Structures are given as structure tokens and as C-alpha cells.
Amino acid sequence: MGENVCAMLQRSCATVWILIALSSWSTVADMVPPSHSGPSLPHWADEVAFTPGATLQTAVDDAVRKGSPLLEVQAGDYNFGPVAFTVANAHNLHIKGAGNGPSGSSLWFEPGYGVELLNCSNVTIEGFSSDTLNPAYSQGRVADVNVASDFIVVDVEDGFPLPTAEGSVLFNQTCPDGDPGFCGEIKIIYWDNSTRLMYQGQQMQAPLGNVNCQGRRCTAYARNPISWVPPVGALVTISPRGFASRFPIPTYYKGSTLIYNCTDTTLMHYDIHSAADMTFLENLGGGGNVYRDCNIRRRTWPAGAGSRYAPRLLASNSDGFHSMSAGLGPTLEDSELSFMADDFLNVHNRLMLLASIDPATSSAMIVDPGGVLGHDVHPGGDWSKHPRRITHAMDFLRPGDTIKLYTPRANTLDYTLLASLVVATVGEATGTPIPPLPQGQKSRIEPDAPSLWRVTFTSGGTVPALGPYAAVVQMDGLSSFGAKIQRNYFHDSYNNIARLPASDLVFRDNVVQRCADGIHVSYDIAGPFLEGSLGLTSISIVNNTFLGVVACPSDPDRGNHGCASVCSTIDCILDHVDPDLVGAVHAADNRVSPKN
């Protein structure tokens, strides 16, 4: 270790090495807190000598408390179980692991937990890999298909949980509000048995609705009609969103690696092999974070994970990289994102709802629907025992900031800017009931997630008269603008290349291979998901290579029936650019081939 670490711990270097090397090399069971029963231990766990994750957590907490500039971490397998590894309130700190390869520093979690950076600036995390002790999804082989009754029969492989609440807490079959059936979106994805790649053309088809298991043979009923019929013998994964309820806002937004309220933070030489939710998720803060050689990929070596570690098809149950409402957008470069059950990439902000506005007093009541699920959130449905932490962008609005009011433009996907207003005062209207949401939002926003805020405006701006919920509110200062996505390899996704409604974004020198739809620069989900940013400008798609990207045309029947061809032109890749946004998108020197 370096001299900085020795000084930080106020011990000799020799003593530090001994403490880490001899700190209770225990089995997984030693690390599971008694308050968490958790799923059963993986069958390969007896092959691995785990260091308790608490050892590493204590060293990081000490480094933060003492303001140390460097913490070096020894190679090994660190087991956190059902607890996040948290770096909180750190500034000017470099945490350097032994590498993201087989002989590096490996962090192990139960599905639904991972690394969280909270309220940090100028922090670098380097040289780690992250994996889940148990798979975050169910995996098996199709034994039968019944299209008429919309079910498949699956033989679940050893080493994977049954797709039931008893098999894994991630398969939540009772919603917190008592709604029956599976609570969140659970995707059924089919894979070629010989190549172990996803079959193309099945994008976002019928999710799981119910399941019955006898032993390890399960009958899985699709929620929608089965329109893409898998062959018997195909491999299949059944993957839940680890924290989702039936309300996507904000429960679909949870990151295995969460970067919350951070500025100028760097992750590098960092691999994730398994995630039950969004894999990398950044939210709020000044942004300008850098992700270099940050990879999402299947583990390909047994060393360090036990020779009986069951080979997994999926590396992530949801999006690969997601930036929401940071100040300056991310730089994602020289990375590989692969084998995920949703989009490779999303960069956007969170839109607010204008509950009411009063021109006479230059004031408004604004509903913040909630951003992401934050620190110390637990999977499963009993949120009375584990209250969710929900982030709110309105917490970051300050006097002098500008907010914009937009209304949807009739018969288009576009929005009209009504007003740009400078904030005079802002405060949460604690105790004031939130006016009833419109039905479309009420069915999509978790009832306990929104917060209500009263905002007044400085003189000089014209405050329009509007009815309840007639407009949405945007904070341009928190819109992840200026993102750079460059020199990455994106391959094997169940959904889109990207959703990129963020201004001054550059997507260049990337290779994209095998996924189920192109690049969306669209306000098509501004309503249902409250994702902006509105009024966006300057998106560059330059010098990229697109191979084997399935075309899902933007027509009313797009769904599964519209995903039968493969793109051969850049117009196909950009089919989901709104007509009103075509002028904002610059595409040049891209190569597109249907071959994969």
C-alpha cells in the first residue's frame, strides 16, 4: 500500500496488510446480517474464501472521515450480502482496487444491492468488479409452448431461482397495495441454445403474468398474447425489475451502481457481471462524471467465483447506463455494455407537473413525481419494514434558477414553450395535500412518491394563466446536457440502442451490434414516463458502426409485429426521431449493415 493509506489508518504498512489479510476470511453466511433472512447461499460458495464487506466499508469510512487522498484495496472477494457498499460525502478521494479481472478486487452482493456513491465530488473508483452471489433472474430451457393459452413450460436450470416469490424475493407476487399477480414488469427473453445469443425480433414481447412450478418445471403464463413463438429447446430467461411496483415512476429507476448528487466523479476499470435493475444510474448533482472502461458483461471465468458458478445469459435485468437530471451530462467511453434486458443507454431529465399557477401572486404549486429509488432501498413488497428513499429534483431548485413551462402541442409529439420564469423562493409544501393527479399520471406514479412544492417568481416574467395540470415543468439546469458517448462497444440488448433527449449530446465512434431497435430522440415517453428534456438542441450521431440492429418502425403496430426486419440505413436507425426534432439531430459518416 502507499504511504497515504498507512497515514490514513495511523498504522505501519505491515500492520495494515496483516489486518486486511487476516480479517476473518469467512463463509458467506458470516456476512448475512440476522435481520435479513435472504435467499439461500449459492452452491459454489464453499469454494471461495470471502472477506466480509464490512472490512472494506470500514476502511472507506475511515478514509472519508480523515480526508485521505488515496485508499488502495487488496485483491480478493468481498462479500456484502444484502447491504450496499457506500461511499458517502467523499471529496478528493481515490479508491483503487486491484483490477477488474479474475485476480482483482471483486465485490459480491445479493441481487438488488451494489455500489452507491452519495454526495461526492472529485472521487475516483478504480479497479473493481461487481457480481451477485445468486442470479438475479431465472434461467432454463423451453419444454413446451401453448400459443392458444399463452403459456410456456420451462425447465429451470440448477443454480437459478424459480420465477416465484418463494424462489427469490425479486419475483414479488403481491404488490404493496394488494394488487394481485406479479407486481413489476418481468421479461421473458428467448435465446439460441447453440450461440447463447438472444433471438432477434422478439423485442419487449409478452411479459410474465403468472407462474406455477412443480419441482423445477414451471408453467409461465404471458401477460399478453404470445406473438413471437420460441422453438422448443430454446433457452429462456425470466428477469424482473428488482424494485418495481406496478407504478413505473419512480420504481423502475434503481441502480445497482448508483451515483447520486455527485460532481466530477470517475469510475474506471470497473466491471459489472450481474444487476437486478438499472446497471449504472446517475441522478442529480453537478454531474460531469466520467465512466471509462466501465463494462457490463457476463462472467467468463470460474476463478474467484467457484468452478460451480452457473454460466449466466444475462448481465443486467434492465438498462445499461442511465443518466437522469444531472447538471452536466456524463462521459461514457472505452466501455463494453452487453447482454441486458433493456436499453443500452438513456440520457434525459425528469419533468415535473404543474398542479396550479396564480399570475396574481406570481406563484405556482409544482408536483415532483420522484426521480429514482435512492440509498437503502430493499427489494420485495414489504415497504412498511423497509421504507423507500425517493429522490426529488425539486430539492435542488434554488432562488435565481430558471424553470420552463411547456404544454403538449395538439396532434404531435412536440411541446410548446409557454414561459421561462426565474425563481424567487421555493419550499416544500409539507402538509398540503397534493391535488388529485390526472388519471394518466395517477396510474403510473407510485402514490407515496410525489412531493408538492410552492414556488414564487421574480418580477419581469409573464406568468401565464393555466388550469390544473395543464403544463409540465422543466429545470434546464438539471438535464444531463453535454453528454459524450464515445468509443464504446454496445452489443446484445433486448431493447433500444438509446433514448437521447438531451441537448448538446455527442454519440461518436461507437460500435453497436445486435439489439432490438434504433436511437430514439423523441418525446414519445415525455407523457407516460415524464422524461425530457424538452426544447432540446444539437445531438450528433457521428462515425458509428451499426450491425444487426432490428428495425421496429414507428407506426401504430410497431410492437412485436413491426420488428421483423434489420436496419441497413441510418434512416432506419433514426426512425424514432420526432419530425419536429429532425433539425436538432446531425448524423454523418455512420456505417449500417444488417449483418451481425
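The values are calculated or read from the model by the stated rules, or taken from the named source; none is laboratory data. This structure is a prediction, so every number in the text was calculated from the model and none was measured. Virtual Cβ from ideal backbone geometry, glycine too; neighbours counted across all protein chains shown. Accessible surface areas use protein heavy atoms only, side chains included; no ligands, DNA or RNA. Shrake-Rupley method; radii C 1.70, N 1.55, O 1.52, S 1.80 Å.
So if I take the alpha carbon set of region 397-499, get Rg, then get Rh from the Kirkwood formula, what is the Rg over Rh ratio?
Rg/Rh for region 397-499 comes to 1.04.
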Take every Cα pair under 8 Å in region 441-566 that's 6+ residues apart, average their separations, divide by the length, and report that relative contact order as a whole percent.
-> 22 percent
Subtracting the Cα-Cα distance from 0.36 nm times the residue separation, let me have the gained length for N596 to A410 in nm, one decimal.
-> 62.9 nm
Taking a temperature of 25 °C and a viscosity of 0.890 mPa s, what whole-number D in µm²/s does Stokes-Einstein yield for the chain with Rh from Kirkwood over alpha carbon pairs?
-> 99 µm²/s
Given C-alpha coordinates of region 38-197, what is the ratio Rg to Rh with the Kirkwood estimate of Rh?
-> 1.07
Return the calculated 222 nm mean residue ellipticity for the chain, to the nearest 500 deg cm²/dmol, obtained by summing -39500 (n - 2.57) across DSSP H runs with n ≥ 4 and dividing by the residue count.
-> -2000 deg cm²/dmol
For the chain, compute the number of Lys pairs whose alpha carbons are separated by less than 24 Å, excluding pairs fewer than 8 positions apart on the same chain.
-> 7
Mean shadow area of region 461-501 over all directions, Cα convex hull, nm² | 5.7 nm²
Cα gyration tensor of region 107-237 - equivalent ellipsoid semi-axes, whole Å, descending = 30, 19, 15
What shape does region 388-446 have by the C-alpha gyration tensor, where a ≥ b ≥ c are the square roots of the eigenvalues, rounded means a/c under 1.5, and otherwise prolate means a/b greater than b/c and oblate the rest?
-> oblate
Cα gyration tensor of region 319-446 - equivalent ellipsoid semi-axes, whole Å, descending = 29, 22, 17
How much length, in nm to one decimal, is gained on full extension between N193 and A588, taken as 0.36 nm per residue of separation minus their Cα-Cα distance?
-> 138.5 nm
With the full set of protein chains in place, find how many percent of the accessible area of the chain is carbon and sulfur; take the probe as 1.4 Å.
-> 53 percent
Using alpha-carbon coordinates alone, the radius of gyration and Dmax of region 73-159 in Å work out to 19.0, 60
Can you give the Rg and Dmax of region 198-273 based on its C-alpha atoms, in angstrom?
-> 17.5, 51
Distribution output for region 474-584: share of Cα-Cα pairs per 5 Å bin in percent, first bin at 0, values 3, 12, 21, 25, 20, 14, 5, 1, 0
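Which of the three applies to region 248-302, rounded, prolate or oblate, going by the alpha-carbon gyration tensor with a ≥ b ≥ c and a/c under 1.5 meaning rounded?
Judged from the Cα gyration tensor, region 248-302 comes out oblate (a/c at least 1.5, b/c at or above a/b).
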Mean accessible area per residue over region 35-153 (1.4 angstrom probe, all protein chains present, square angstrom) is 32 Å²
Sorted by chain and then number, the residues having a modelled amide H within less than 5 Å of the amide H of E185, at least 5 places away or on another chain, are R241
Give the Cα extents of region 64-117 along the principal axes, in whole Å, largest first.
-> 30, 24, 13
Using alpha-carbon pairs under 8 Å, 6+ residues apart, how would you state the relative contact order of the chain in percent?
-> 11 percent
Where region 449-596 is the region considered: accessible area per residue in Å², 1.4 Å probe = 36 Å²
Just the C-alpha atoms of region 205-353: what Rg/Rh do they give, with Rh taken as the Kirkwood radius?
-> 1.02
What dipole magnitude, in Debye to the nearest 20, does region 385-428 give about its Cα centre under +1 on Lys/Arg Cβ and -1 on Asp/Glu Cβ?
-> 260 debye
With a 10 Å radius around each residue's Cβ, average the other Cβ atoms per peptide and rank 355-361, 265-271, highest first.
-> 265-271, 355-361
Can you tell me the order of 391-399, 529-537 when each peptide is scored by its average per-residue count of other Cβ atoms within 10 angstrom, highest first?
-> 529-537, 391-399
